[in-house]
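Working notes for the structure below.
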Amino acid sequence: MNESPEGSDPLAQHRVEILSMDPLILRDRYEIEYRHSYAQDTPFFLGLSKGELLGSRCTQCRYFYATPRRHCMECGHATTWERLPTTARIHTFTVCYYGSERFLKETPYVLILVEFEGVNTLFLSRLKGVDPEQVRIGMPVRPRFAKEPTYTVTDVWFEPIEQG
Amino acid sequence: MRPVYLISGGVTKFAKAHPEKDFRLMVKEAYDYALRDIPALTPDMIDGAVGSYFSDHFTRQLKAASMVQDYLGLCPKPSKRIEGGGATGGLCLQSAWEAIASGRMECCVAFGFETMSRVSTWKGNEFIALASDTNFDFPIGGFYTGYYAMMVQRHMYEFGTTVEQMAMVSVKNHINALYNPYAQKAKRLTIEQVRQAPMVATPLTMEDICTMSDGAAVCILASERIASRVCDRPVHITGVGSGSDTMRMADRPHGKVLLLPHEQESDYATLRYPGVHSFRGGRMAAKLAYHMAGIQDPREELSFIELHDAYTSSEIQTYEDLGLCKYGEGGSFVESGIPFMPGIDYGLSLPQQGRLPVNPSGGLLACGHPVGATGLMQAVFALWQLQGAIEKHLGNGMLQVSRPRRGLIHSHAGTGTYITVTILEAVT
């Protein structure tokens, strides 16, 4: 067990900042470090780092999930990893002009649900490299992968496939 | 199961912020209001309580419901906390119903609250977005308005729903709230003003989405024995239903519609369901509640509805889930005027105005959405409607539905992951 040196308590370290005296309101912070495990979904995230987009195929009923899960919702059997097609279409989209605090600096950004031919479910991603005004349902898209993986789902995004 | 009655309720004013009150005091105000309405109920007749609040992040206090329990003087009676995202309040009400129906309690308090003002609006949106898959959804740009925007884009694509139809919902609910002193954001709006408001996530503008709020609500439920002793006009809870769907919208299947008693499979020969345009969990909740209440055709057998309009689009989607019209007809349903209040001027042409009012209170869009309180607030407004007591509690009778017999309340979480439907009936 590590003993914290005195005065390292993050709550004690920061100076009190008073926002109001009546009612008494203080500025306060709350930070947590996690050891986040992807557990049974690990191969998906390692796949992204190798430029592979992996879905899950049920070993029993053959249901094909674009967003992975290790067990089938339809029949309860285990799934296997299977590469998703390298082309897809936009099932639906939105252009976000506001967002959660963490993503405000990235606005406007385009969210899409991606549909793959022959796959039963969809995949949520970002669409980049496009004028937001031009985005349409049915637009053909393809995945792109981060050169420097962050080992998050943002290691993959989609771009329009040039027409003609 | 034995009959369960809603015998009293109270709501605080919903507001952007109540910095002078913590969650305990907000609930206490709503609780005392509810007790004053039925003075014959003494504290010793209350057997226990169920508390509801959505987010430990917003509250910054784990086990906050225990602090409400002691503040209300209800220790050492039974208590627990219910959490189910946006449906927290609806689930809490149903949990209290279960306590009475099972015979475990004779009288149970359902209380709910949320204090959302203690962080900025965009941090608050982040907390809410953490109620989406934090491995696969949140990191992409987690934002609930974005999720609902994607759903309605598909609804528009499938069914031809328009942004003007969505704006009509905003006009309706904000104008209704002009007569509800508990509402946070009452105002007269036009379709043009809704569309010209700042765009949040296409096609939803600031006037298509509800705001964050501080507030609390309390319901008191009882058995027939207690209800008949302490309450002149108890309201009978005749149907409860709930449903669920996958946490990730991306995982929703495309199959057959869950049919209600007044529908046929041929109504939906080509529709792939639910996809992301409809809420299968809402349909399941309605189906179960209608079955328990003996409702064959909700279009003819309901007097009013208070539903979870976190977005104008989700009100339109919910008309369909509840079977008020067929899937795909939610847009034309609002244009018909059916879900508007009679006797209020909305500045719109509404051929069938007021046949089945939806969100007479102003709904979440105009009342606000202090998550843990919201589903209970709907129950309180439904109680007052069915008691014919809107004027007594709101100070004016503009929102009183004429001779209401049966009301429906609907509470909804996530992108449709938990949904409750509860049917309440006036006792004649």
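Observations on the model:
- One residue alone among B:Glu425, B:Glu335 is more than 15 Å from B:Ala177 (Cα to Cα) and part of a helix (DSSP H, G or I), and that residue is B:Glu335.
- Within the set A:Thr79, A:Thr86, A:Thr121, A:Thr150, the sole residue that is part of a loop (DSSP other than H, G, I, E, B) and in contact with a Lys or Arg (Cβ under 7 Å, 6 or more places away or on another chain) turns out to be A:Thr86.
- The residue that is surrounded by the most Cβ atoms within 10 Å (Cβ to Cβ), counting only those in segment A:60-92 that are facing chain B (nearest Cβ under 10 Å) and of a type in the set (D, E, K, R), is A:Arg69.
- Single residue of A:Thr42, A:Thr92 found to be closer than 30 Å to B:Gln153 by Cα, out of contact with any Gly (no Cβ under 8 Å at 6 or more places or on another chain), among the β-branched types (Val, Ile, Thr) and at pLDDT 95 or above: A:Thr92
- When segment A:98-127 is filtered for residues that are under 28 Å from A:Arg57 (Cα atoms), of a type outside the set (Val, Ile, Thr) and either more than 14 Å from the chain's Cα centre (by Cα) or more than 9 Å from chain B (Cβ to nearest Cβ) (or both), the ones remaining, listed by number, are A:Glu115, A:Phe116, A:Glu117, A:Gly118, A:Asn120, A:Leu127.
- For the criterion of being surrounded by fewer than 24 Cβ atoms within 10 Å (Cβ to Cβ), over 16 Å from B:Phe14 (Cβ atoms), of a type in the set (Val, Ile, Thr) and modelled with pLDDT under 95, B:Thr428 passes.
- Taking helices (runs of 4 or more DSSP H) as the structural unit, those lying wholly within segment B:51-162 and holding at least 1 residues that are within 14 Å of chain A (Cβ to nearest Cβ), touching a residue at least 40 places away in the same chain (Cβ under 8 Å) and surrounded by fewer than 20 Cβ atoms within 10 Å (Cβ to Cβ) correspond to B:56-59, B:121-129, B:144-159.
- Filtered residues of segment B:299-332 (kept if free of Cβ contacts under 8 Å to residues at least 60 places away in the same chain and surrounded by fewer than 22 Cβ atoms within 10 Å (Cβ to Cβ)): B:Arg299, B:Glu300, B:Cys325
- Number of the exception - A:Gln40 against (1) out of contact with any Cys (no Cβ under 9 Å at 6 or more places or on another chain); (2) part of a loop (DSSP other than H, G, I, E, B): (2)
- Residues within segment B:258-272 that are in contact with a helix residue (DSSP H, G or I) (Cβ under 9 Å, 6 or more places away or on another chain) and either closer than 15 Å to B:Thr318 by Cβ or in a helix (DSSP H, G or I) (or both), tallied: 2
- Test: B:Asp245 is without any contact (Cβ under 8 Å) to a residue 24 or more places away in the chain, of a type outside the set (S, T, N, Q) and under 24 Å from B:Thr88 (Cα atoms): no
- Residue that is surrounded by the fewest Cβ atoms within 10 Å (Cβ to Cβ) [pool: residues in segment A:145-164 that are more than 14 Å from chain B (Cβ to nearest Cβ) and out of contact with any helix residue (DSSP H, G or I) (no Cβ under 7 Å at 6 or more places or on another chain)]: A:Gly164
- Reported count of residues in segment B:299-313, each being in contact with a strand residue (DSSP E or B) (Cβ under 7 Å, 6 or more places away or on another chain) and closer than 23 Å to B:Ser244 by Cβ, is 7.
- Exactly one residue out of A:Val95, A:Val130, A:Val16 is within 30 Å of B:Val152 (Cα to Cα), more than 9 Å from chain B (Cβ to nearest Cβ) and either touching a strand residue (DSSP E or B) at 6+ places or on another chain (Cβ under 7 Å) or of a type in the set (Val, Ile, Thr) (or both): that is A:Val130.
- Of all residues in segment A:21-35 being surrounded by 10 or more Cβ atoms within 10 Å (Cβ to Cβ) and within 16 Å of B:Ser120 (Cβ to Cβ), the one that is farthest from the other protein chains (Cβ to nearest Cβ): A:Arg27
- Complete set of residues in segment B:163-182 that are polar (S, T, N, Q), surrounded by fewer than 22 Cβ atoms within 10 Å (Cβ to Cβ) and either at the interface with chain A (Cβ under 9 Å from one of its Cβ atoms) or touching a strand residue (DSSP E or B) at 6+ places or on another chain (Cβ under 9 Å) (or both): none
- Condition check for B:Thr270: crowded, with 24+ Cβ neighbours inside 10 Å, polar (S, T, N, Q) and more than 14 Å from chain A (Cβ to nearest Cβ): no
- The residues in segment B:1-50 that are under 19 Å from B:Gln385 (Cβ atoms) and either in a helix (DSSP H, G or I) or out of contact with any strand residue (DSSP E or B) (no Cβ under 8 Å at 6 or more places or on another chain) (or both) can be counted, and the count is 4.
- Selection count where residues are of a type in the set (Ser, Thr, Tyr), within 14 Å of chain A (Cβ to nearest Cβ) and within 18 Å of the chain's Cα centre (by Cα), scope segment B:186-235: 1
- Considered as a group, the residues in segment A:104-118 that are surrounded by fewer than 24 Cβ atoms within 10 Å (Cβ to Cβ) and touching a Gly at 6+ places or on another chain (Cβ under 6 Å) include one that is farthest from A:Asp41 (Cα to Cα), and that residue is A:Thr107.
- Selection over segment B:236-257 of residues that are of a type in the set (A, V, I, L, M) and either more than 14 Å from every other protein chain (Cβ to nearest Cβ) or assigned to a strand (DSSP E or B) (or both) gives a count of 3.
- Options B:Gln352, B:Gln296; residue that is assigned to a loop (DSSP other than H, G, I, E, B), without any contact (Cβ under 8 Å) to a residue 60 or more places away in the chain and in contact with a helix residue (DSSP H, G or I) (Cβ under 6 Å, 6 or more places away or on another chain): B:Gln352
The values are calculated or read from the model by the stated rules, or taken from the named source; none is laboratory data. Here the structure is a predicted model, which means the values were calculated and not measured. Positions of Cβ are generated from backbone atoms using ideal geometry, with glycine treated the same way; all protein chains shown enter the neighbour counts.
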